[in-house]
Amino acid sequence: MKIAVIGAGAIGGYVGVKLALAGEDVTFIVRGANLEAIRKNGAKLIMHDGSEHVASNVKATNNYDEAGHQDIIVLAMKAHQLEAIADDLPKLIGPETVIVTMQNGIPFWYFHKHGGKLAGTRVESVDPTGKITAKIPADRVLGCVVYPASELIAPGVIKHIEGDRFPIGELDGSISERATRVSECFTNAGFKSPVLENIRSEMWLKLWGNLTFNPISALSHSTLQDICQFPLSRELAAAMMTEAQTVANKLGIEFRVTLDKRIAGAEKVGKHKTSMLQDVEAGRDPEIDALVGSVVELGRLTETPTPHIDTVYALVKLLAKTMEEESGQVKLQKVA
């Protein structure tokens, strides 16, 4: 199949290389150093076991017209980067094109085919102008939850850390032919990609941890293990997760694991820096609104108090604002 992967970062690079190695016709739509590196050397994947794989057969371009219509479009950038590509994305869409969204947090399409009084509501924290909803047709979307961890260690070079699960699902809960087709394509590439009847529930399960551990780690410069083993930060995480669970329950979501088990799972990952902490250290714009601001917004929509989430959201937004104004990064340095 013809597959366009927009973004060749940690996740997009991992997915694109594996699909290309499985024989799919992959085009990375990228810019800058990544574009030049992939054009020159292909895309390289270093697996967690140390094995190295190069997809030399991939194409790389920053021209959507050149890429043309695709069978599958994988949106592998962060949620706050979607608006920047919204005008060009329709150039990739043909009669049967499927769009697989790999953003963390609450997606722009969350209330599409949701049912109930909030059906059709735009999530303003992730689509403030409405441009994403207007330009990316939700009827083409398959939701996807990203569980693997990986890093972009150099232009065109991705290091896989752990995980291979990419569950997908239709927004209306159906088990469609196109969802089955995408699942088979991903499975053939070595991923675990079951078709779920409730993709929103799976998204909340991952978000449950992301909305807490990401901002706490960015503010404290601590790893998952540190946060979970320090009593005060563990208590804060639990309070935020309790508030989020109440919001989710009001939206018809039930969690299949307990809060304590979810925290224990994060602790088991060990001394891993969250993506938000990595962004803060590198001076990149951290992914805040899709992970935290969206839950604040859904709290308002469901008339649910979220005081702990609100406080952490305010602090991490201020941190991002200061970084932007100072064109800086924030990273702990060892004292000599």
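The values are calculated or read from the model by the stated rules, or taken from the named source; none is laboratory data. Values in this document were obtained by computation on a predicted structure and should not be read as measured data. Counting neighbours? That spans all protein chains shown, and the Cβs are built from the backbone with ideal geometry, glycine included.
Of all the numbered requirements in (1) in contact (Cβ under 8 Å) with a residue 60 or more places away in the chain; (2) small (Gly, Ala, Ser); (3) not assigned by TED's automatic domain parsing to the domain that holds His160, Gly190 misses one, and that requirement is (3).
Against the definition (more than 22 Å from Ile136 (Cβ to Cβ), surrounded by 16 or more Cβ atoms within 10 Å (Cβ to Cβ) and either of a type in the set (Ser, Thr, Tyr) or free of Cβ contacts under 8 Å to residues at least 12 places away in the same chain (or both)), how does Tyr64 come out, yes or no? Don't jump to the end; show me each part of the working.
Values: more than 22 Å from Ile136 (Cβ to Cβ): no; surrounded by 16 or more Cβ atoms within 10 Å (Cβ to Cβ): yes; either of a type in the set (Ser, Thr, Tyr) or free of Cβ contacts under 8 Å to residues at least 12 places away in the same chain (or both): yes.
So Tyr64 fails the test.
Restricted to strands (runs of 3 or more DSSP E) entirely inside the stretch 1-86, no element has at least 2 residues that are in contact with a Phe, Trp or Tyr (Cβ under 6 Å, 6 or more places away or on another chain). The residues listed here are Val100, Val126, Val146; of these, the one that is among the hydrophobic types (A, V, I, L, M, F, W, C), in contact (Cβ under 8 Å) with a residue 40 or more places away in the chain, over 24 Å from Ile3 (Cβ atoms) and touching a helix residue (DSSP H, G or I) at 6+ places or on another chain (Cβ under 7 Å) is Val126. For the stretch 294-308, does any single residue satisfy the condition of being crowded, with 22+ Cβ neighbours inside 10 Å and closer than 13 Å to Ser217 by Cβ? Within the stretch 294-308, not a single residue is crowded, with 22+ Cβ neighbours inside 10 Å and closer than 13 Å to Ser217 by Cβ.
So that you can scan it fast, the table gives a plain yes or no per residue for (1) assigned by TED's automatic domain parsing to the domain that holds Pro286; (2) crowded, with 22+ Cβ neighbours inside 10 Å; (3) over 17 Å from Met203 (Cα atoms); (4) touching an Asp or Glu at 6+ places or on another chain (Cβ under 7 Å):
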| site | (1), (2), (3), (4) |
| --- | --- |
| Ile72 | no, yes, yes, no |
| Leu75 | no, yes, no, no |
| Ile85 | no, no, yes, no |
| Asp88 | no, no, yes, no |
| Gly94 | no, no, yes, no |
| Val100 | no, yes, no, no |
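Checking each residue in the stretch 210-233 for being surrounded by fewer than 18 Cβ atoms within 10 Å (Cβ to Cβ) and touching a helix residue (DSSP H, G or I) at 6+ places or on another chain (Cβ under 7 Å) picks out Ser220, His221, Gln225, Gln229.
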